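Quick note: the coordinates plus some simple rules give every number you see, no bench work behind them. Quick caveat: nothing in here was measured; it's all calculated off a predicted structure. Ideal geometry is used to build each Cβ from the backbone, glycine not excepted, and the neighbour counts take in all protein chains shown.
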Amino acid sequence: MFKILKNVLFNSLRNKVMIGYTFILFILSWGIIYLQGDIEKSVASLLSVVLLLIPLVSIIIATINYYNSQEFIELLMTHPIKRRTIFLAHYLGIAWVLALTFLVGVGLPLLIAGGFDISVMYLLATGFLLTFIFTGLAFLASVFSKDKARGIGLSLILWFYFSIVYDAVVMSALVYLSDYPLEKTLMFMTALNPVDLSRIIILLNLDISALMGYTGALYKKFFGSSEGIIYSFGFLFLWVIIPVWKATKKFIKKDF
Amino acid sequence: MLQINNLNKTYGKIAALKELNIAFNLGEIITIVGPNGSGKTTLLKSILGLVIPDSGTISIDNKSIKDEWQYRAKIGYMPQINRYPENLKVKELFTMMRDIRTDCNTYDNELFETYKIKEIYDKTLGSLSGGMKQKVSAALAFLFSPIIIIIDEPTAGLDPVSSQHLKDKILKEKANGKLILITTHIMDDIDELADKIVFIVDGVLRFNDTKEALKNNTQMPTTGKALTALMEKEYV
């Protein structure tokens, strides 16, 4: 497992796309921090980067990488190595490389500018977990798709669903059912979307959450508490594990 | 040694293998022949565990290979289409494979030396020609001293000299008591190598015996003519 992981890591870290991407993230974060001048505001601005860009880039790069590694995967499969090991080593390799680019590109400027601020920590933790979640979703989409084009298509649809469609559905449900007390339901529904969950974790640990009215207060009461934090991170971990587990199960039974 | 019982495999609606029963022993060279799409590669891939059969068993030394992976240490595989990571250098490929195969410490470097793989060590696998990739593939298939060697269409892209080297190596390994499975369309290769001919049409085993038996059955003077007769008879 470790030897394959080492090879995947080594080959991906040499990749020029990854180096370029880290550089762009770094410049972007640095620019935002410089323009805002305040660490809390910078975290709020970087929130959109973390919630939209990180999942999108993770899911696309991981999908492309899966298809590009197919030759290597097939070669390894003719040797005495468990399929599960091959698959998980690839997943962990790509996820770690993407997570590293995020930590260097976004984390480093924030830590230099603001030190170990608690909101920075939440931003980095959720961004880190989102990378693993969307890499897992990418691998899930890839094992279920026959060719690269379909795989990338399915990955984009997944991203689109979690980033935009899901919110639209929840919003319209809220508008139509505004006469009913939906706070609890809504809190549960956020757990079904890792992007929403991350957004809430970060927002509610910033001071601006005071501006969100009654629902915001309820949210703050729950997600601001240590119990709520454990609950939401617990769900994020489930979002990491379930897609990868499902993808591994499919991969083990696949024909090559 | 290698035993296959009632093996079935379908891709969607197309049946690739139907109730296949066959057994192979060490010290034999088996050539698997049949028209394109007859299930030859599917059979080899099932033995390797790349393709998972719908039903039936494959066992090596009386042990089923289902959900197993250690048994692949016994098998060397040279695929029909050589697909390697494009950016990887030849040297990196060999270092990596030796690094991963911790189970093996006796390397068979004969083909590695004959094909002078060291001279192309700094080239990336993507820049190699088809024939060069086949040489890399052949060297890799024999490298970990396997006792079963599976070769899918070996000599199609190789030049005559390299092709002869490979055939000599195959004959040598047979003399060393190994089992070699080859699929091929080239009659000369069959004539030169085959101890037994296995003939598959549409996933069904039609013939499994020696060259001499084939010639006697079909009343033909050469293996090539005998096989052609067999194929034509099957099609009518």
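Of the peptides B:143-149, A:234-240, the order by per-residue mean of other Cβ atoms within 10 Å, starting with the highest, comes out as B:143-149, A:234-240. Given an 8 Å cut-off on Cα distances and at least 6 residues of separation, report the relative contact order of chain A as a percent. Reported as a whole number, the value is 26 percent. Over the C-alpha atoms of chain A, the Rg to Rh ratio, Rh being the Kirkwood estimate, stands at 1.00. Between the residues B:39, B:136, A:118, the greatest Cα displacement towards the positive end of the dipole of the protein assembly as shown, with unit charges on the Cβ of Lys, Arg, Asp and Glu, is found for B:39.
Remark: the protein assembly as shown carries a charge dipole of roughly 300 debye about the Cα centre, counting +1 on each Lys and Arg Cβ and -1 on each Asp and Glu Cβ. Note on residue A:146/residue B:123: beta-carbon distance plugged into 1/(1 + (r/R0)^6) with R0 of 30 Å gives a FRET efficiency of 0.40.
For chain B, the relative contact order works out to 27 percent when only alpha carbon pairs closer than 8 Å and six or more residues apart are counted.
Where in chain A is the longest stretch that carries no trypsin sites (Lys or Arg not before Pro) classed as loop by DSSP and with at most 12 other Cβ atoms within 10 Å? For trypsin sites (Lys or Arg not before Pro) (loop position, at most 12 other Cβ atoms within 10 Å), the longest site-free span of chain A is A:15-145. List the pairs from A:3/B:74; B:135/B:172; B:13/B:74; A:6/A:82 whose alpha-carbon separation is above 23 Å, in the order I gave them. Table pairs above 23 Å Cα-Cα are B:13/B:74.
For the pair residue B:113 and residue A:171, label points projected 7 Å from Cα toward Cβ lie 7.2 nm apart.
Assuming R0 = 22 Å, what is the FRET efficiency of residue B:185 and residue B:14, from their Cβ-Cβ distance, to the nearest 0.05? E between residue B:185 and residue B:14, to the nearest 0.05, is 0.55. Taking other residues whose beta carbon is less than 14 angstrom from the beta carbon of residue B:9, and scoring Lys, Arg as +1 and Asp, Glu as -1, yields +3. Averaged over the residues of B:88-94, the number of partner chain Cβ atoms lying within 10 Å of the residue Cβ comes to 1. Each residue, residue A:23 and residue B:212, gets one label point 7 Å from its Cα in the Cβ direction; the gap between the two is 7.1 nm.
The Kirkwood radius of the stretch B:1-94, taken over pairs of alpha-carbon atoms, gives through the Stokes-Einstein law at 4 °C and 1.567 mPa s a diffusion coefficient of 87 µm² s⁻¹. For residue B:21 and residue A:156, a Förster radius of 56 Å and the Cβ-Cβ distance give a FRET efficiency of 0.75, rounded to the nearest 0.05. Sparse packing (at most 11 other Cβ atoms within 10 Å of the Cβ) combined with a DSSP loop state is found for the following trypsin sites (Lys or Arg not before Pro) in the stretch B:85-125: B:116. Spin-label model, residue A:70/residue B:195: points 7 Å from Cα along the beta carbon direction are separated by 3.7 nm.
Averaged over the residues of A:69-78, the number of partner chain Cβ atoms lying within 10 Å of the residue Cβ comes to 6. For the residue pairs B:178/B:211; B:63/B:133; B:91/B:178; A:148/B:40, the C-alpha atoms sit more than 23 angstrom apart in B:63/B:133; B:91/B:178; A:148/B:40.
Counting neighbouring Cβ atoms within 10 Å and putting the fewest first, the residues B:10, B:42, B:106 line up as B:106, B:10, B:42. For the protein assembly as shown, the 222 nm mean residue ellipticity estimated from helices alone, with every DSSP H stretch of n ≥ 4 adding -39500 (n - 2.57) and the total spread over all residues, rounds to -18500 deg cm²/dmol.
To the nearest 10 degrees, how steep is helix B:130-143 against the longest Cα principal axis of chain B, on a 0 to 90 scale? Result, in degrees: 90.
Rounded, prolate or oblate: which fits chain B when a ≥ b ≥ c are the square roots of the eigenvalues of the alpha-carbon gyration tensor, with rounded for a/c under 1.5 and prolate only if a/b beats b/c? In terms of gyration-tensor shape, prolate. Looking at B:162, B:229, B:104, which one has the Cα that reaches farthest to the positive end of the dipole of the stretch B:2-235 (charges on Cβ: Lys, Arg +1; Asp, Glu -1)? Sorting the options by dipole projection puts first B:104.
Peptide packing for B:218-226, A:131-139 was compared via the average number of neighbouring C-beta atoms within 10 Å per residue; ordered from the highest value, the list is A:131-139, B:218-226. Averaged over the residues of A:79-88, the number of partner chain Cβ atoms lying within 10 Å of the residue Cβ comes to 5.
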